[in-house]
Each structure stands twice: as structure tokens, then as C-alpha cells.
Amino acid sequence: MRYSQTIFKTLKQAPKEAETVNHKLLVQAGFVRQLMAGVYTYLPLGHRVLNKISQIVREEMDAIGSQEVLMPMLHPAENWKKTGGWDSIDVLFKLQSRTKKDYALSQSHEEVVTPLAKEFINSAKDLPLSIYHIQWKFRDELRSKSGIMRGREFLMKDMYSWHLNQEDFDKYYQKAKEAYLKVFKRLGLVAKVTEASGGSFTEKVSYEFEVLTDSGEANIMYCDKCDYCVNIDDFKKDSCPKCAEGLLRKATAAEVGNVFDLGQKYSKAFDLKVDGVYPIMGCYGIGISRTMGVIVEKFHDAKGIVWPKSISPFAVHLVGLNGLGEEVYKKLTASDVEVLFDDTDKSAGEKFANADLIGIPVRLVVSEKTGDKIEYKERNSDKIEFLDLEEVIRRLN
């Protein structure tokens, strides 16, 4: 992609109204633009990051046998009234058509996916069943103040599964848990599996996947010896109840995923039976756009964003000085290297500052000074090397 032909542009200053790092840097670096509180347009760079996060999630959900679908965002009110959500969920956006029919915007998809599954679950041999989708969700948040980490409109992966009994659900939960940990590892994050209440979905214990960050909104206690973690504000116990060896530490964290054991609530609401039994249902969510915000909160410095390689919008940021760099750009592209080529007439200082702000993992510079070599520098390092193009391609691949 040529910088001169893109619609996104970096800003010299972050927006004054921005309160969080992800809001400041994503706008300043040209990844997003805010339409209103909690609602963002994802520009080409931001859209590429969302797609890369989504693809990693998609691969790991496919690996545990889930099947991808795409469900509507507009739901008939009748479905939500059957489960009680129409009157009990205060963040549900409601609207009425010209024909006076009531609808809801998708806050979640249990009310849509359960009747869908009912069509395909006819006997015990059809279980377990797992399906997922990646779709936009809506929440009528009173105050959206954390950039893309807490939006009124946000992109989310949610997966649903049905099981003949609790034992089978528990087995699948373990598979989903491991898949989630793989997802976050591939994204460069360390997520702690945290016990929490089920909220509006269920009275059972649920699990959240939390990433430690000062910008998070969750207060957690985690063991410094094992993987025990609990989401609670007033926890007086000092020693770990799981391993009895570690001490519990208090930390602030941001939720990036969750798992709910929904029991038979939705199966009963839509009369989904298998051989006279209501299946156990599970719900598994990952906030795609929220995770993008958390990654920026975790990976940045005074100069800008520092993207993990796995989800960076491009593999390299090629800076051409004094009109140079065209041949290198063509050869990199021909070698299937994703390149953002700064072919503008800006000064070297402006170009380098933009490269740091945008945060692509590798910066390449072609100038009269570099001669037949290419200046190679990684975003998270001060080391500069002068390499042949073949060596650059070898490293990138």
C-alpha cells in the first residue's frame, strides 16, 4: 500500500477529548476515527488489524470443531421476550418499525442462535454441536470512555455449544479454554482465566479472560504461584485457595474474553429438547475490537504503538527518501511481503516519526546514504543494520 494513495492520515496531536492510550494513539496514528462516543470508523489500517485478530480467532475456533455462521444484528422482540431479556437487560437497544413492530439490536445472540440450533438438533447423535460467528454487537452504555475498549458498537466473536449433559459441556469447556489461551498467546497477550459471576446470562459461575493492564476496569486477585484468579473487589484472603502456597496479588485488568455455562435456560425458553432432555448450552465470547484496544494499551511507548507481528497491519514500513524506494517496494510486494510504502515528499524526520507512531514491527529505509543496502530497524529496538534486499526478505519470511 502506498502512503500517498491512502485515505488515512496521521495527526500531529492526539484528540483532546481522548482519555485513554488506545483512543489517543489509534486516532492519532490513523487507525480509527470517532463518530460519537463509543462508535468508531475503522480506517484501512484499523480494518486490517481487526481482520488479522479475527482470522487468528477463526483458526482456533475451527481447530476445536466449531462451525462458522453469520447471524443477523436485527432481532424480533418476541425472541427476547421469551427469555425475559427484553425487560431485564438495560443495555439493550430497542427500536420500532413503521409497522409498529418492536426489534432489538444484537447485544448478544442467544435469542437467535437457539431457535436456529433447534432446527438442526433432532436427536442425541446431533450433539455436541458448536457454532460461532464474528459480528457487530450493540450496548446502550451510559458512558463510553475507554476508546474502543468499551463501545456502544463493537466487533465480537461469540461461539455457542449444546451438550446432552454437564459432563460433556465440561469437557468442551476445557477445549475452548485451551483454544482461548492459544488465541491470546498468538496475539502476544497473557490472559488469566478468572472466576466471575454469570451476570444477566446465568446464576452459575462464569470465567473471564483478563489481561493485566492499568487501563482495565476489572479488579482481580491472582496467585503468584499457580493459575488461580478471581474477579472480585473485596477479597480478604491472603493465601491461594487452590495451591495453598502462593499469595494473592491485587491487580487491574481488562476483560478480552468470557465463557458462560448457560445451563438449560435458553433450551427451555425455546423448547429445544433432545430425547426428552433440555441440552446444556455454553456461550464463549472474545471481544475482537476490544482486544485491539487492549493490545494498544499493552504495547506502546512514548513514540507510538508497537504492534505484535501477528496482527500488525503490515509486515514492514518502507520509508523512501528523495524519491527512492520504488524498486524495493515492487520486489518486496512480489515476494508476498505486506508493505506500507511511505512514498510522500515529507521530510525524513516526519516519515520516521510517522513510522514510530503507526508501530509496524520493521522499518526499512532506502536513501542515497544506504546505497545498494537497505536500512533495517525493528520498532522495539534501537539497533540499525544495513542489509541486502535478499537478506531482508529472508528475515521477513
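Bear in mind that the values in this text are calculations on the coordinates, not laboratory data. The structure displayed is predicted, hence computed values, not measured ones. Backbone-built Cβ (ideal geometry, glycine too); neighbour counts: all protein chains shown.
Below, the figures for the structure above:
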| item | result |
| --- | --- |
| Environment charge of D90, counting only residues whose C-beta is closer than 13 Å and scoring Lys/Arg +1, Asp/Glu -1 | -1 |
| When the chain is reduced to its Cα atoms, the Kirkwood hydrodynamic radius in Å | 23.2 Å |
| Isolated Cys in the chain, by beta carbon distance under 4.7 Å | C229, C283 |
| Charge sum, other residues only, whose C-beta stays under 10 Å from G151's C-beta, Lys/Arg counted +1 and Asp/Glu -1 | +3 |
| Estimated Rh, region 316-396: Kirkwood, alpha-carbon pairs, angstrom | 12.5 Å |
| Stokes-Einstein D (µm²/s) once Rh is taken as the Kirkwood radius of region 249-397 over alpha-carbon pairs, at 10 °C in 1.306 mPa s | 85 µm²/s |
| Region 134-260: Cα Rg divided by the 2.2 N^0.38 Å rule of thumb | 1.12 |
| Using alpha-carbon coordinates, inclination of helix 166-186 to the longest axis of the chain, degrees | 10 degrees |
| Residues of type lysines that K383 reaches as a straight line, Cα spacing below 21 Å, ignoring anything fewer than 8 places off in the same chain | K303, K309, K351, K369, K373 |
| Sequence-distant aspartates and glutamates (8 or more away, or on other chains) whose Cα lies within less than 18 Å of K182 | E59, E60, D62, D158, E208, E210, D227, E255 |
| Highest-MSF residue in the chain out of T99, T83, T20 [GNM, Cα springs under 10 Å] | T99 |
| Residue-averaged [θ]222 nm for the chain, counting only DSSP H segments that reach four residues, each worth -39500 (n - 2.57) | -8500 deg cm²/dmol |
| Angle between the chain longest axis and helix 44-63 axis [Cα atoms, degrees, rounded to 10] | 50 degrees |
| Under-5 Å amide H pairs with L127, H placed in peptide plane, nonlocal only | none |
| Viscosity 1.306 mPa s, temperature 10 °C, Stokes-Einstein D of region 101-166 from Kirkwood C-alpha radius, µm²/s | 113 µm²/s |
| Two-decimal Rg/Rh across region 22-84, once Rg and the Kirkwood Rh are taken from alpha-carbon atoms | 1.13 |
| Exposure rule at most 11 other beta-carbon atoms within 10 Å, DSSP loop trypsin sites (Lys or Arg not before Pro): the chain longest free segment | 238-382 |
| Part-to-part distance (alpha-carbon centres) for region 152-190 and region 333-397, which is given in Å | 38 Å |
| Net charge contributed by nearby residues that have their C-beta within less than 13 Å of L43 (K/R +1, D/E -1) | +3 |
| Gained length - N122 relative to E17, 0.36 nm times residue gap less alpha-carbon distance | 32.4 nm |
| Estimated FRET transfer efficiency when R0 is 25 angstrom, pair F299-K250 (beta carbons, to 0.05) | 0.60 |
